[in-house]
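**Student:** Shown below is the structure under consideration.
The values are calculated or read from the model by the stated rules, or taken from the named source; none is laboratory data. From a predicted model like this one, the values you see are computed outputs, not experimental measurements. All Cβ positions, glycine included, derive from the backbone under ideal geometry; neighbour counts span all protein chains shown. Quick note on the areas: whole protein, heavy atoms, side chains included, nothing else; ligands and nucleic acids left out. Shrake-Rupley method; radii C 1.70, N 1.55, O 1.52, S 1.80 Å.
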Amino acid sequence: MEKRIALILLLMVSTFVSAKNDWKGKVVDEKGEPVAYANVAVLSPVDSSVVCGAVTEEDGSFHIVTDVKDGIMMVVMLGYQTQYLPPVDGVLVRLVEDAAMLEGAVVSAVMPKTKLTGEGLQTSVRGSVLENVGSAKDVLAKTPGLIQGQNGLEVIGKGAPLVYINGRKVTDSSELERLQSNEIQSVEVITNPGAQYDATVRSVVRIRTVRRQGDGFGFSLDASDAQSLRWRSGNDPSGALNMNYRTGGVDVFAGINYARNTSRQESYLEKMTFGKDYLLENKGDLLNTYFGQSLYGNAGVNWQLADKHFLGGKVEWGTQLQYDVHTVVNDNVWLDGNPFDKLTTTSDDTRGEGSYYNLGANLYYNGVIGEKLGLDVNLDYYGNDMPTTSVSKESSTMTHDALIRSVSQSDGRMYAAKAVLSYPLWKGQLQAGTEETFLHRQDSYAISGIDIPGSSAKVTEDKYAGFASYGFWLEKAGQFSAGVRYEYVHYRYEDALAPASNLQRDYGNWFPTLSYAGVVGPVQLMLNYSARTQRPNYANLSSVIRYNSRYIWQSGNAQLQPDLSQNFSATAVWKFVTLIVNYARTDHAIVTWSSPYGDEGVVLVQPRNIDTPFRNMSAFVNLTPTVGCWNINYTLGIQPQWFTINAPDAREASGIRVTRFNGKPIGIAQLFNTFTVKNGWQFELGATVMTPGYTQNLYMRNWYCDVTAAVQKTLLPDGSLVVRLEGNDLAGAAHFDAESDFGSHTISQTNRMDTQLVKLSLRYNFNTARSKYKGTGAGSDTRNRM
């Protein structure tokens with residue numbers, strides 16, 4: 001333990017020295033107000049190429065460190081005239097509004113719409129065709145580097161990202177629905193998160209909003225209603241109210257959000273189980289409906305104590321007002337080709353007794369000590385209580401009927417702290433920090449009506465991390481960055497009702513990251529490497545067996561271990577063309593697996609580690625040309641994988657059969673078309689198409705096609721009122737059919753989801769001001785796993 005602490009402390013120790021040329025300045029508008037996120041670049045006096053650059057902070061300040069002694073300083077900001085001046089320390093740059101842009105003329109931006117940074121792709125939203133597409137969620141769906149995958153929005157080849165707005169982690173996904181696209185300055189897709197992020201984070205999306213000047217009270221109101229075209233009860237209204245008051249250096253904000261969510265699924269299932277001397281077949285249909293209502297709120301304050309010193313806090317809470325899941329499964333059973341039984345299982349899952357809530361809090365300090373030393377400190381708390389009750393009624397033609405009731409309770413508490421130091425060094429910036437997370441969780445489960453043991457488990461996990469990174473710019477070479485993170489995790493699982501499953505583990509791992517970004521001729525190029533891990537959700541670590549039907553049970557796996565992956569990626573940008581290639585090798589990959597449980601045809605579905613490596617690759621090209629009022633955003637790609645599993649099979653003499661999930665990659669095409677016309681009208685037509693292919697140990701056997709359309713009108717002189725009508729899955733083909741080979745049995749499932757709907761939304765802003773909140777949070781991985 002002492003060695004681990006010493007290693008973490010070594011990461012925190014650095015020697016800081018001064019750079020040769022240290023230029024500072026501030027960018028303001030004609031009224032003297034700070035201009036945030038302006039691009040400041042130093043151009044070579046020889047060929048006018050960019051030598052180095054920076055982006056202005058919230059207060060309009062910038063800081064450039066370089067060996068160049070002379071040259072030309074260029075300041076660029078959309079909506080303003082570009083300024084050129086000699087580089088002078090302490091310079092005040094006053095930008096003048098561009099009259100042509102204010103009159104609505106088409107002005108070409110100085111910087112490309114999508115450019116490479118040292119970590120990923122940055123896309124300018126303000127002044128582009130993405131400015132009026134709707135909500136932040138709509139913007140992300142059409143941002144280069146992101147695709148709409150099977151499980152929602154994904155960074156290409158990296159999975160679901162963590163999302164930050166102005167440096168603050170988004171914990172309520174509905175916030176992306178409430179944030180309007182015309183409030184967004186830029187979106188940066190980070191494909192290689194640095195050492196300051198948890199080792200489980202494979203991708204990050206950073207959203208920066210447009211700076212709003214002035215004090216006073218403002219609010220935004222969002223209301224929408226979505227109606228299913230196939231199911232009358234599928235009606236999902238939602239509403240949100242966000243308020244903000246700013247005066248001087250104080251910013252107070254609060255918000256509340258209500259949403260009703262419904263879903264409906266119709267499926268046909270086939271399962272074949274192979275025993276040593278029998279064949280059991282299950283064939284039947286499933287109908288599942290869900291009704292839920294949620295209420296979320298937040299409140300906080302940001303206080304600017306002095307220039308470059310910020311202090312603040314935020315509280316978020318939420319509750320599930322309704323949670324009703326109704327499932328009916330009709331199962332026809334054959335034994336060795338002869339009818340054996342006919343089962344009907346009706347299940348109802350509801351909120352249990354007691355409170356059902358989650359509560360989070362964050363305190364932060366962000367500032368600069370002295371002239372150069374940056375300090376960012378975050379303290380976080382998160383807790384949740386989730387009681388649920390399930391009742392299943394089962395009728396059988398061959399055996400007795402059954403009434404099965406279960407009650408579960410999960411209570412979790414997390415405490416986390418994170419501190420990051422930053423300092424300009426030579427031609428770049430050095431960062432070092434530490435992060436600690438402490439979790440305490442209790443899970444209880446009791447079941448009656450069947451002989452399945454209950455559980456009363458306690459989980460504790462303590463994680464200590466230290467990290468350091470350095471990024472610098474070399475003239476005519478590009479930007480280089482490297483980082484390393486060390487994480488030590490102590491994990492303990494204790495079950496009072498099943499002491500044989502108790503265990504304790506300790507993990508200590510190094511996670512390096514490397515990246516390069518530069519220009520080769522007309523092409524921007526980025527190369528990345530990182531080592532990552534994935535830790536199982538806490539629910540997947542529970543040994544509790546949950547009853548789904550007489551022949552399908554479900555459980556977690558307390559023996560699960562984190563996986564480890566090596567990731568390589570390359571990105572190239574040329575004009576409106578972006579190419580992204582990713583490759584990853586994962587050891588001890590976690591997959592959902594099912595295997596025989598006993599000798600009566602029951603299969604137990606649970607996560608497990610695979611003893612063979614999982615290798616996958618993705619290659620995508622994104623095209624974003626503009627032809628008149630027609631704005632094109634097309635993404636085309638392919639996702640091959642190489643995966644074999646040693647699966648148990650009673651029919652084999654060795655008891656093992658090698659199953660392969662290779663050779664059929666999934667092809668993806670996303671085709672978005674936006675037409676912008678006069679008087680605030682915008683029309684959209686798009687489609688997402690996926691071919692059959694393998695994803696981990698599943699084969700998606702059908703063509704998936706989601707056709708979408710939308711019409712939008714911006715009203716009022718200042719554009720503060722937006723009305724939008726949209727339709728999803730207009731062709732009725734947005735569903736996945738899946739099958740898998742588990743060795744001892746095979747499963748096939750055909751699905752029809754309730755995704756065909758129309759939605760009407762209304763958004764209104766009154767004197768809205770962007771929150772100054774600078775808390776970035778700590779313990780994000782642990783919170784997500786809870």
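**Student:** Using modelled amide H (1.01 Å from N, peptide plane; none on Pro or chain starts), what sits under 5 Å from the amide H of residue 425, excluding residues fewer than 5 places away?
**Tutor:** Excluding prolines and chain starts, which carry no amide H, the hits are 430.
**Student:** Note the angle between two axes, namely the Cα long axis of helix 2-12 and the longest principal axis of the Cα atoms of the chain, as a number of degrees from 0 to 90, rounded to the nearest 10.
**Tutor:** Helix 2-12 sits roughly 30 degrees off the main axis of the chain.
**Student:** Just to check I understand the Karplus step: with θ = phi - 60° and J = 6.51 cos²θ - 1.76 cosθ + 1.60, what whole-Hz values come out for region 518-526, glycine and proline as x?
**Tutor:** Calculated HN-Hα couplings, in order: x, 10, 10, x, x, 9, 8, 10, 9 Hz.
**Student:** Another question, then. Express in whole angstrom the spacing between the alpha-carbon centres of region 210-277 and region 328-390.
**Tutor:** 17 Å
**Student:** Then there is this: If you put +1 on each Lys and Arg Cβ and -1 on each Asp and Glu Cβ, how big is the dipole of the chain around its Cα centre, in Debye rounded to 20? Show your work: numbers first, answer last.
**Tutor:** Working: 71 positive and 79 negative charges, 243 e Å.
Approximately 1160 debye in magnitude.
**Student:** Using Cα centres only, tell me the gap between region 135-200 and region 460-510 in whole Å.
**Tutor:** The distance from the Cα centre of region 135-200 to that of region 460-510 comes to 23 Å.
**Student:** Here's something else I'd like to know. Given R₀ = 25 Å, FRET efficiency for residue 413-residue 767 by Cβ-Cβ distance, to 0.05? Mind showing how you got there, number by number?
**Tutor:** On the way: r = 39 Å, r/R0 = 1.56.
FRET efficiency, residue 413 to residue 767: 0.05.
**Student:** Which of 326, 749, 424 sits farthest toward the positive end of the charge dipole of the chain, with +1 on the Cβ of Lys and Arg and -1 on the Cβ of Asp and Glu?
**Tutor:** Of 326, 749, 424, it is 424.
**Student:** Could you work out, for region 561-714, what percent of all Cα-Cα pairs fall into each 5 Å distance bin, beginning at 0 Å and stopping at the bin that holds the largest distance?
**Tutor:** 2, 8, 12, 14, 14, 13, 10, 8, 7, 5, 4, 2, 1, 0, 0
**Student:** Mind checking the dipole of region 255-353: about its Cα centre, +1 per Lys or Arg Cβ, -1 per Asp or Glu Cβ, Debye to the nearest 20?
**Tutor:** Values: 9 positive and 14 negative charges, 107 e Å.
Magnitude of the dipole: close to 520 debye.
**Student:** Give the shape of region 229-286 as rounded, prolate or oblate, defined through the alpha-carbon gyration tensor: a ≥ b ≥ c are the square roots of its eigenvalues, a/c under 1.5 means rounded, and otherwise the shape is prolate if a/b is larger than b/c and oblate if not. Please report the intermediate quantities before stating the final value.
**Tutor:** On the way: a/c = 10.41, a/b = 2.87, b/c = 3.63.
Oblate, because a/c is 1.5 or more while a/b does not exceed b/c.
**Student:** Take the residue pairs 142/664; 24/476; 26/713; 476/575; 314/713 and return only those whose Cα atoms are more than 30 Å apart.
**Tutor:** Values: 142/664 27 Å; 24/476 23 Å; 26/713 38 Å; 476/575 20 Å; 314/713 34 Å.
The answer is 26/713; 314/713.
**Student:** While we're here: Could you give the size of the charge dipole of region 207-294 about its Cα centre, using +1 on the Cβ of each K and R and -1 on the Cβ of each D and E, expressed in debye and rounded to the nearest 20? Display every interim value, and only then the final one.
**Tutor:** On the way: 11 positive and 10 negative charges, 50 e Å.
Its charge dipole is roughly 240 debye.
**Student:** Return one quarter of the surface area of the convex hull spanned by the alpha-carbon atoms of region 633-706, equal to its mean projected area, in nm².
**Tutor:** Details: hull surface 25.5 nm².
For region 633-706, averaging the hull's shadow over all directions gives 6.4 nm².
**Student:** Another question, then. What net charge is computed for the residues neighbouring residue 753, neighbours being all others with C-beta under 12 Å from the C-beta of residue 753, Lys and Arg scored +1, Asp and Glu -1?
**Tutor:** Numbers: positive: 230, 264, 752; negative: 266, 706, 729, 737, 754.
It works out to a net charge of -2.
**Student:** Residue by residue through region 398-414, which ³J(HN,Hα) values in whole Hz follow from phi under the Karplus form 6.51 cos²θ - 1.76 cosθ + 1.60 (θ = phi - 60°), with glycine and proline marked x?
**Tutor:** Result, rounded to whole Hz: 10, 10, 6, 6, 9, 10, 10, 10, 9, 10, 10, 9, 10, 10, x, 9, 10.
**Student:** Apply the Karplus curve 6.51 cos²θ - 1.76 cosθ + 1.60, θ = phi - 60°, to the phi angles in region 86-91 and return the couplings in whole Hz, x for Gly and Pro.
**Tutor:** x, x, 9, 5, x, 5
**Student:** Residue 120's amide H: which non-local residues (gap 5+, or another chain) put their own amide H closer than 5 Å, with H modeled 1.01 Å from N in plane and none for Pro or chain starts?
**Tutor:** Amide H to amide H, under 5 Å and 5 or more residues apart or across chains, residue 120 pairs with 191.
**Student:** Let me ask something additional. Dividing the alpha-carbon Rg of region 139-273 by 2.2 N^0.38 Å yields what?
**Tutor:** On the way: Rg = 18.9 Å, N = 135, 2.2 N^0.38 = 14.2 Å.
Relative to the rule-of-thumb radius for its length, region 139-273 sits at 1.33.
**Student:** Using a ≥ b ≥ c from the Cα gyration tensor of the chain (square roots of the eigenvalues), is it rounded, prolate or oblate, where a/c under 1.5 gives rounded and otherwise the larger of a/b and b/c decides, a/b for prolate? Please report the intermediate quantities before stating the final value.
**Tutor:** Details: a/c = 1.78, a/b = 1.57, b/c = 1.13.
Taking the square roots of the gyration eigenvalues as a ≥ b ≥ c, the chain is prolate.
**Student:** Also, quick follow-up: Going by accessible area, probe 1.4 Å, with all protein chains left in place, what is the ranking of 183, 475, largest first? All intermediate terms of the calculation are to be shown ahead of the outcome.
**Tutor:** Details: 183 30, 475 90 Å².
So, going from the largest accessible area down, we get 475, 183.
**Student:** Please say if region 596-655 is rounded, prolate or oblate, where rounded means a/c under 1.5 for a ≥ b ≥ c the square roots of the C-alpha gyration tensor eigenvalues, and otherwise the choice is prolate for a/b larger than b/c and oblate otherwise?
**Tutor:** Working: a/c = 5.16, a/b = 3.06, b/c = 1.68.
The shape class here is prolate.
**Student:** How much length would be gained if the chain were fully extended between residue 653 and residue 504, taking 0.36 nm per residue of separation minus their Cα-Cα distance, in nm to one decimal?
**Tutor:** On the way: separation 149, 0.36 × 149 = 53.64 nm, distance 3.58 nm.
Computed gain between residue 653 and residue 504 is 50.1 nm.
**Student:** Counting heavy atoms of the protein chains only and a 1.4 Å probe, report the per residue accessible area for region 247-371 as a whole number of Å².
**Tutor:** Details: 6080 Å² over 125 residues.
Dividing the accessible area of region 247-371 by its residue count gives 49 Å².
**Student:** Between residue 33 and residue 492, what FRET efficiency comes out of the Förster formula 1/(1 + (r/R0)^6) with R0 = 60 Å and r the beta carbon distance, rounded to 0.05? Please report the intermediate quantities before stating the final value.
**Tutor:** Numbers: r = 54 Å, r/R0 = 0.90.
So the FRET efficiency works out to roughly 0.65.
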